[in-house]
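Below is one structure, written out as structure tokens; comments come after it.
No value in this document is a laboratory result; all are computed from the given coordinates. Predicted, not measured: the structure shown is a model, and the values here were computed from it. Ideal geometry is used to build each Cβ from the backbone, glycine not excepted, and the neighbour counts take in all protein chains shown.
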Amino acid sequence: MLTASSKAPSATPTKPPFAIESQMWHALAEDSGAAVTVFNSEGNIEYANSMASCLLAGASNENLIGRRLADFFEDAYAQERMGVVSQVIASGKPVVLQSMCKGISVRSAYRPMRGTDGEMKVLVITRTASRECGAVTPSVQAKNNDAGKLAGLTGREFEILKLIGLGLSTADIAKKLHRSVKTIEWHRVSLGEKLGVTNRVELARIAIAAGLVSADSTCAQPETATQN
């Protein structure tokens, strides 16, 4: 069972937490564009790069050492992922989890590795899940997700957001859903207010990031940012 550690390290480690060449670790942790996190067997964070800090805490310079996922997410969400950490350490086998984190569809690879201190740890590499080209380890779908601002959308708004992500115009969406242009425009404005954006381009980007559509499945280019 996962328990909190009594004392957390005071700073992010500058050396690789695993017995790998430092340049290789730097390429993975700082140059790959992925969120990289290391958990110990108690579920505490021992390393988090700037991308992981942004994803978890919303700030790239946030010190996450000694923190736990429960500090940032609902209990069910955090417990499911800490269960994966325990499973990976116990089995010695990697697990890939497909889920949503703060409204973004992500794919997280949990891999067991022995730390330089001799203890088993879990290296978690998280990337956006729009593409899985070359994936070797089969992924499993998480039961608990963090939809972020998307959690406040209605079913109809989700449907319209997806169609905007596909590049459909307001008139095309109205025709497809058998609604008036005025009604669709009202929904679009509501989407913008709930998601904190002002135009269709930003709405399309949110739809892609959330995994509602893939970046290469748009049937038309979204309208320019100056259009509403």
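Summary of computed values
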| item | result |
| --- | --- |
| Proxy reagent accessibility, fewest Cβ within 10 Å first, across Phe72, Phe158, Phe39 | Phe158, Phe72, Phe39 |
| Sequence of Met113, Met51 once ranked by neighbouring C-beta atoms within 10 Å, starting from the fewest | Met113, Met51 |
| For the stretch 149-209, alpha-carbon Rg and Dmax in angstrom | 10.3, 28 |
| Inter-centroid distance (Cα atoms) of the stretch 185-200 relative to the stretch 29-96, Å | 32 |
| Gyration tensor verdict on the stretch 22-146 (Cα atoms; rounded if a/c is under 1.5, prolate if a/b is larger than b/c, oblate otherwise) | rounded |
| Estimated vicinal HN-Hα couplings, Hz - the stretch 150-165 in sequence order (Karplus 6.51, -1.76, 1.60; Gly, Pro = x) | 5, 4, x, 7, 7, x, 5, 5, 4, 4, 5, 4, 4, 5, 5, x |
